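Data first, discussion second: the structure below is written as structure tokens.
The values are calculated or read from the model by the stated rules, or taken from the named source; none is laboratory data. Note that this is a predicted model, so its numbers are computed, not measured. Using ideal geometry, Cβ is built from the backbone for each residue, glycine included, and neighbour counts are taken over all protein chains shown. Accessible surface is based on the protein model in full, side chains and every heavy atom, while ligands, DNA and RNA are left aside. Shrake-Rupley method; radii C 1.70, N 1.55, O 1.52, S 1.80 Å.
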Amino acid sequence: MAYGELEIGLHRPYAEHYRVELRYTAPDSDADVRLSPGEPRFDLDRLRQLEGDAAAYGKELAATLLADTSLREALAQVRSAVQSLGAPLRLRLFVGPSATEMHGVRWETLRDPDQDSPLLTGEEILFSRYLSSVDWRPVGPRPRGTLRAVVAIANPAGLERYAPEGRPLAQVDVPGELERARAGLGDIPLTPLTAPGSVSLNSLADNLREGYDVLYLVCHGALVDGEPYLWLETEEGGVQVVSGSELVTRVKEIRRRPLLIVLASCQSAGTGDETRAGDNGALAALGPRLAEIGVPAVLAMQGNVSMDTVAAFMPVFFRELKQDGQIDRAVAVARGAVRNRDDWWMPVLFMRLRSGRLWYTPGFGEDRHGLEKWPALVRNIRLGRCTPILGPGLSEALLGSRRQMARRWAETYSYPLAAHDRDNLPQVAQYLAVHQDPVFARDELEESVRTEILEAAGANLPPELRQATLDELISAVGRQRRMGDPHDPYRVLAGLPLPVYITTAFSNLLSDALVEAGKEPQVALCPWNEHIGLNPSLYGAGSEAGYRPEMARPLVYHLFGNLRERDSVVLTEDDYFDYLIGVTGNKDLIPPVVRRALADTALLFLGFRMDDWDFRVLFRSLMSQEGRSRRSRYAHVAVQIDPEEGQILEPERARRYLESYFGDADISIYWGSSEDFIQELGRRWESAS
């Protein structure tokens, strides 16, 4: 479903004035429209006086916003636009660093001034709070079939001895909470932590380290002197009072953090009446802190929520989440289900996911059905008429994300250009090459890859390998992964009877896998600059020339270089331009055997993001080669790497994008990750063999 999107940015440029900035994106559009800003005058003292009456509070808050004529007209314009299209509105609130006191405002109570009813309790307007994060890692949905959840319910003995606000803590209904979680999560595999002593801080961290996608934590919590505390368990089943800072630190240390954390505890999003650095206590609470360290979505409670409200809210939330994975929609529906309770407004969603989606269903086309042309693809592979073209995303699990690397460089070296270019590795690398020198950018690439491998491997890496060359290190960790994972992409691809592989990656993971498969790969580099020697068997004359790839001796052709020859790596913007000029100006730089494979076989694109430089330059340089008419004879497949926030998300749009390059060629777009597709390909190949 297409959504209209409205971001409300709240800032305080002057001591007594607030500024609200509006940015709107229409359904099925990538273009942002900046609407007229406004300067409402918030009376925080008046709002605090109304905290005992949610309806009066929400009415006053809406009146304050809409008292500004420009804001009232802009919001009316947006609502009319999305209603005319029959689309919901995704509403995000971003509170800037100059207005942190506004985090304590109970925005979820907002009322519709036309109908005097809660504004955010249905599916027409999906509301979330957006917090910037210090974490550079890209976030996005994960495949529906791979999701796992851990449900931790802390009910330590001795709770009655604690009364943080003068009221003894009540026992938690462990069986009831677990049953509600099971019913809501449905067929998502669930690991319960419910036995006495199983919800200690150490146990919780150890379980999360196993790679869960959803954490549902039920426990008591409170803000004490501005610090959030949770009542967890000791290993013996007694009370373990844990500060929010301790839990946040443990989660931050986990490499693969949950996509969604649900905190069904009192005050897990702040009370709004505590003070800490002028933010009214909300940022001192656990929910916002988890969002700030990079957890994509956190559902928390902004007050002393009753267990009855939690019991009514959570089953609806999980039931709706199960339908389509839309977190903000599920929250809106669940909030509507408890609207008659006094604390209905307390659940609050902090979210960094632009799409609002927790999971996606891998597959082909809009309806995510299977590929009708699997028989043709499998036959082309069996007859050696398929050429994989491998992108850098295929090795990101081992070598790290290029976008994350770019963000880290931009932060470390004070990249001065536009913020939206900070995840563009060629542009940030170009800045390093100019600001420092070209050698520095390549050094930084090697150091970043080494650091990523060492951090990911941890204690599993033998000590002697920590001092090995980068090439040896990559080969070693690649071998470990292939041995432990039968679905490793390189292992599966190496087992196919293919004569030519084209890659834009700078590692030897594919060549290593082919050797392990009993083959003799012939590795060649595209000679896009004067420092790269010509492979005599591909370009030369005489007895060494005339090599023809075959299944036992396949060609691995590196388009964008290899780390074994540093000068061959296409890294900076200048490198990409030089490569493009060289290859388009002299088509003979691509050897005949590769040109034939590109023109007269089924092409299988794996591991690309369709708006990255690698993909665009690849198409510009190779798809312009002769053979367009012959390419139309084959069914081609392009696999969109993990649908990531802010990238091309819909398969139909991606297909139209590719058709501009392919012309009349038949291409199918796989919605999902390369790993999803490789697993399916492996199953299809085994069943056909």
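Assorted remarks:
- The stretch 233-264, residues that are modelled with pLDDT of 90 or more, assigned to a strand (DSSP E or B) and not charged (D, E, K, R): 239, 240, 241, 242, 243, 260, 261, 262
- Residue within the stretch 588-610 that is charged (D, E, K, R) and either under 30 Å from the mean Cα position of the chain (by Cα) or under 21 Å from residue 506 (Cβ atoms) (or both) present: yes
- Qualifying position, being aliphatic (A, V, I, L, M) and in contact with a Leu (Cβ under 6 Å, 6 or more places away or on another chain), among 502, 532: 532
- Within the stretch 336-355, the set of residues being among the aliphatic types (A, V, I, L, M), in a loop (DSSP other than H, G, I, E, B) and within 23 Å of residue 51 (Cβ to Cβ) comprises 338, 346.
- Residue check for residue 338: modelled with pLDDT of 80 or more, over 17 Å from residue 128 (Cα atoms) and surrounded by 23 or more Cβ atoms within 10 Å (Cβ to Cβ): yes
- Search result, residues across the stretch 400-434 that are over 17 Å from the mean Cα position of the chain (by Cα) and crowded, with 18+ Cβ neighbours inside 10 Å: 409, 410, 415, 425, 426, 427, 428, 429, 430, 431, 432, 433
- Scanning the stretch 441-468 for residues that are within 23 Å of the chain's Cα centre (by Cα) and among the acidic types (Asp, Glu), we see that the one that is most open to solvent (accessible area, probe 1.4 Å) is 455.
- Exactly one residue among 62, 54 is closer than 26 Å to residue 329 by Cα, surrounded by 15 or more Cβ atoms within 10 Å (Cβ to Cβ) and touching a strand residue (DSSP E or B) at 6+ places or on another chain (Cβ under 7 Å), and that residue is 62.
- Checked against the criterion of being in a helix (DSSP H, G or I) and surrounded by fewer than 17 Cβ atoms within 10 Å (Cβ to Cβ), the candidates 73, 108 yield just one match: 73.
- Among the residues here, residue 517 does not qualify as among the hydrophobic types (A, V, I, L, M, F, W, C), modelled with pLDDT under 90, open to solvent by 30 Å² or more (accessible area, probe 1.4 Å) and out of contact with any Asp or Glu (no Cβ under 9 Å at 6 or more places or on another chain).
- Verdict on residue 507 being out of contact with any Leu (no Cβ under 9 Å at 6 or more places or on another chain), open to solvent by less than 40 Å² (accessible area, probe 1.4 Å) and either assigned to a helix (DSSP H, G or I) or more than 24 Å from residue 667 (Cα to Cα) (or both): no
- For residue 569, the requirement of being at pLDDT 85 or above, farther than 29 Å from residue 372 by Cα and open to solvent by less than 10 Å² (accessible area, probe 1.4 Å) is met.
- Residue within the stretch 225-232 that is among the small types (Gly, Ala, Ser) and either assigned to a strand (DSSP E or B) or at pLDDT below 85 (or both) present: yes
- Hey, residue 73 over 30 Å from residue 340 (Cα atoms), modelled with pLDDT of 85 or more and touching a Gly at 6+ places or on another chain (Cβ under 7 Å) or not: no
- Note on the stretch 321-335: residues that are open to solvent by less than 20 Å² (accessible area, probe 1.4 Å), touching a residue at least 40 places away in the same chain (Cβ under 8 Å), in a helix (DSSP H, G or I) and more than 20 Å from residue 54 (Cα to Cα) amount to 4.
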